Amino acid sequence: MTGVILAGGFDRRMEGQIKGLLHFGDELLIVRQLRLMKPVCNELIVVTNEPKPYFRLLDTEIRIITDFVPNRGPLGGMYAGLSLARNRDVWIVGCHMPFLSAQAAELLQTKKHEGFDAALPWVQGRVYPLHGVYDRSCAEAVWRLLQSGDPAVSRVLKEISWGELRETEFQTEGIESSFIDCFNTPEEYAGLLVRRH
């Protein structure tokens, strides 16, 4: 499985900081995420508009790529990651998600193999496109949306066949739903720091 982190760039809502380069405990958030993904991924990709800071921080085995279609948000990053992934199964996460679960990704991968283009977590009454496992071929649907000018990640779900794994199914395997938790503001970041484990 290929792991893709959508790392974006400087974030206005985070006072111009790069989320992936924020500290989370005693490590950078991007380093933490790569460590959590590595047990189930034989390829790791970071998609970012600001690659320079990552070159000196990350191992050379980590592929650092930029958006093919700039300024289109997460959808542009998804397209780049899916297009360049070497594996058919691609686990896509956002750089603002500190509690990634490799065990949850494996369950989603198994669900995807039931015949879906993607498998996504359904937690707290809604679907989460990020932390989903997608087939590399979903790049075609993402490209069509980019061409149409609609950058909403949720629109992808109308273009592909996807299966869901519900919160209870994760809980049965001892997986807490915190893997979908994310932050977009300094206040939300501070709140997750308090809960780090």
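Before moving on, here are some points about what is shown:
- For beta carbons closer than 7 Å, sequence separation of 6+ or different chains, a first residue in the range 80-103 that is aromatic (Phe, Trp, Tyr) and a second that is outside any loop (DSSP other than H, G, I, E, B) and open to solvent by 10 Å² or more (accessible area, probe 1.4 Å), the qualifying pairs are Phe99/Ser178.
- Residue list for the range 137-165, filter: at pLDDT 95 or above, touching a Pro at 6+ places or on another chain (Cβ under 8 Å) and open to solvent by 40 Å² or more (accessible area, probe 1.4 Å): Glu164
- Remark: pairs (first residue in the range 138-166, over 17 Å from Leu82 (Cβ atoms) and in contact (Cβ under 8 Å) with a residue 24 or more places away in the chain; second residue in a helix (DSSP H, G or I) and of a type outside the set (Lys, Arg); Cβ separation under 7 Å; 6+ apart in sequence or on different chains) = Leu165/Leu107; Leu165/Leu108.
- The range 118-136, residues that are open to solvent by 50 Å² or more (accessible area, probe 1.4 Å), in contact (Cβ under 8 Å) with a residue 40 or more places away in the chain and not in a strand (DSSP E or B): Gln124, Arg136
- Wholly within the range 21-108, strands (runs of 3 or more DSSP E) carrying at least 1 residues that are surrounded by fewer than 20 Cβ atoms within 10 Å (Cβ to Cβ) and aliphatic (A, V, I, L, M): 63-65
- Residue check for Tyr54: touching a helix residue (DSSP H, G or I) at 6+ places or on another chain (Cβ under 8 Å), of a type in the set (Phe, Trp, Tyr) and over 24 Å from Ala119 (Cα atoms): yes
- Some residue of the range 166-186 being farther than 21 Å from Ile5 by Cβ, among the small types (Gly, Ala, Ser), in a loop (DSSP other than H, G, I, E, B) and open to solvent by 40 Å² or more (accessible area, probe 1.4 Å): yes
- Of all residues making up the range 153-182, the number that are aliphatic (A, V, I, L, M) and more than 14 Å from Tyr128 (Cβ to Cβ): 1
The values are calculated or read from the model by the stated rules, or taken from the named source; none is laboratory data. What you see is a predicted model, and the numbers here were worked out from it, not measured in a lab. So basically every Cβ, Gly included, is an ideal-geometry build from the backbone, and we count neighbours across all protein chains shown. Just the protein is used for accessible areas: all its heavy atoms, side chains included, with ligands, DNA and RNA removed. Shrake-Rupley method; radii C 1.70, N 1.55, O 1.52, S 1.80 Å.
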